[in-house]
1. Please give the contour-minus-distance gain from residue 59 to residue 84: 0.36 nm per residue of separation, less the Cα-Cα distance, rounded to one decimal in nm.
2. Between residue 273 and residue 301, what is the FRET efficiency for a Förster distance of 41 Å, r being their Cβ-Cβ separation, to the nearest 0.05?
3. For the residue pair residue 467 and residue 215, what label-to-label distance in nm results when each label sits 7 Å from Cα along the Cα-to-beta-carbon direction?
4. Above 21 Å lies some portion of the pair distances; for the range 276-420, what is it as a whole percent of all C-alpha pairs?
5. The chain: percent of C-alpha pairs farther apart than 39 Å?
6. Take each uninterrupted DSSP H stretch in the chain, measure its Cα extent along the helix axis, and return the ones at 20 Å or beyond whose mean Kyte-Doolittle hydropathy is at least -0.5.
7. Counting other Cβ atoms within 10 Å, keep those with at most 11, restrict to DSSP loop, and tell me which trypsin sites (Lys or Arg not before Pro) in the range 434-505 are left.
8. Identify the chymotrypsin sites (Phe, Trp or Tyr not before Pro) of the range 361-428 meeting these criteria: DSSP loop state and at most 14 other C-beta atoms within 10 Å of the C-beta.
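Computed from the coordinates by the stated procedures, all read-outs in this text should not be read as laboratory data. Being a predicted model, the structure only gives us computed values, none of them experimental. Every residue, glycine as well, gets a Cβ built from its backbone with ideal geometry; the counts of neighbours run over all protein chains shown.
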Amino acid sequence: MRVSRTRKHLSLKYQQILVIPVTILLFGLLLVVLAYGFISGLDHTQKTFIISVTSIGIIYGILLYFFIFPSLGNHKLVRFGISLIHAVAIGTFWFLQLSTFLQTSLLFALLVLMATVILFGRFPGYFFLFTTILTRQILLLFTPDAFNASLIYEPIFYLFLSIAIIETLVAYARRGEKNLQNMETMSSIARSLASTIELKQVFTLLSDTIQKELHADTYSIGIIHGNRIQMELFCDDGDYFNGIDFPLENTLTGWVCKNRKTLLISNFLKEASKLGVTPYLVGHPRINSSWMGTPIIVGGEVYAVLAVASYSPNAFSLPERDLLEFVAQQAALALDNANHHNSVELQSRTDSLTGTLNHRYFLEALKLTTEETTLTQTELSLIMLDIDFFKQYNDKYGHLLGDQILEIITTTIRKHIKHNDLVGRWGGEEFVIALQGASGAQAYQVALRIRRSLAAIKVNGRDGQLIPPPTVSQGISIFPQESTDYFQLIDLADQRLYQAKERGRDQIEPKPEFWDPTPVPDE
């Protein structure tokens with residue numbers, strides 16, 4: 001169902017609110033004329049006519065405002081049909097009251113015209129205007145005695161005044177429509193971004209919002225890392241570009257970060273030199289003419305930059321700038337909440353000293369990882385690692401040095417595993433490592449590199465003297481070859497850890513030939 005362009009997004013309720021002042025004036029004018037009909041010295045016929053017409057007008061106005069318009073007001077034929085009825089009625093009344101109520105008739109016509117434009121739009125308003133004048137003039141043709149020169153000028157005056165009223169109301173209606181749309185958009189954006197505490201979901205919602213509300217050829221969300229920006233999202237002319245990273249210096253994004261405010265450029269080639277920036281092509285090899293970017297400030301620092309661009313000059317104006325700034329403000333709140341949530345979540349999942357997963361969450365992560373490994377039909381290796389004679393470090397050198405040893409072990413482990421591998425603190429001095437996609441022989445090589453790295457570490461005691469570096473005993477088990485149950489997998493690795501200890505500590509169990517007669521070369 002189509003409605004007039006200027007009202008297409010305005011609700012019926014909103015239109016009814018807009019027309020209230022005009023409606024009050026119309027009813028007030030009808031009541032004044034009705035009162036005049038009762039108290040004036042007019043003859044019986046004139047009184048009857050005035051009282052009848054005004055009473056019908058009041059009853060019809062009530063029905064139209066409360067019943068007819070809410071149920072049928074958005075139907076195109078109904079809108080023009082109602083406008084035609086109003087025009088014929090007002091034109092006839094205007095004709096019949098040539099002398100008695102001439103000013104009243106014109107005022108009625110103008111008020112009804114205003115109501116028509118507000119409720120039905122520009123074209124029904126013009127239809128009402130010309131039909132009103134046409135009705136009156138046709139009736140005048142059949143009444144030669146009533147014709148005089150003033151009757152020619154009155155419609156011309158009414159015509160120009162009415163056109164001015166129509167265009168003014170349409171302009172205000174458009175502005176009201178735009179403001180209403182912006183309010184609804186902002187409310188929707190605020191609700192959407194407030195509904196998530198997941199970092200990735202925040203960026204997804206931002207992307208959807210930019211595409212939907214800001215019509216641009218290019219849009220991007222870039223996260224600031226020192227003096228560079230990493231594009232979380234970059235879309236240029238419908239194509240997405242991943243992994244974009246570039247320096248901030250002498251760029252538009254750098255200007256936004258440095259000045260911590262929105263930058264709106266209508267013609268880049270003319271304005272770039274004034275800003276001290278140079279073209280930096282990202283995406284397609286074509287320079288955007290219009291560009292607009294705003295900072296997302298989280299915790300007092302510029303966290304990211306939200307930007308849109310267009311190949312056409314003067315593509316963005318102040319309303320788009322206000323909307324982009326609002327989106328950035330809401331994004332800042334959402335990102336702050338997401339970061340706070342992630343921080344709290346991370347604290348609940350990790351060991352406070354080493355930053356590794358705690359016992360509970362390592363089990364949860366391992367369960368999910370083994371399920372994924374089963375679906376992808378790959379391998380997973382588990383290493384249980386225990387620091388040899390750790391109690392002696394605490395007893396001889398103090399607990400602070402013991403904590404330092406735990407941190408050294410954690411750093412060494414992370415140095416030799418992939419970013420998607422899991423590492424957790426299983427007990428006081430015991431750690432567990434899950435190597436995704438690693439065979440037994442490959443897990444042995446990881447364990448061997450950990451042992452060799454620890455042997456090369458220099459550790460100073462409280463007096464500054466070197467103390468013996470820590471050694472570790474390690475046990476390995478493989479999923480799914482040796483067990484399809486992650487609890488049994490952990491138990492098997494733990495048994496082999498103790499076998500390594502029984503063999504004299506600083507050992508890895510089992511030996512590499514257990515996995516493969518031709519072991520993987522040491523890397």
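1. 7.2 nm
2. 0.90
3. The two pseudo-label positions are separated by 7.1 nm.
4. Tail fraction, whole percent: 69.
5. Counting every Cα pair in the chain, those more than 39 Å apart make up 58 percent.
6. 20-39, 44-63, 76-96, 102-120, 122-141, 150-194, 199-213, 318-349, 359-376, 399-415, 440-455
7. Qualifying residues, ordered by number: 458, 462.
8. Numbers: sites: 361, 362, 389, 390, 393, 397, 426; in loops: 389, 426.
Listed in order of number, the matching sites are 389.
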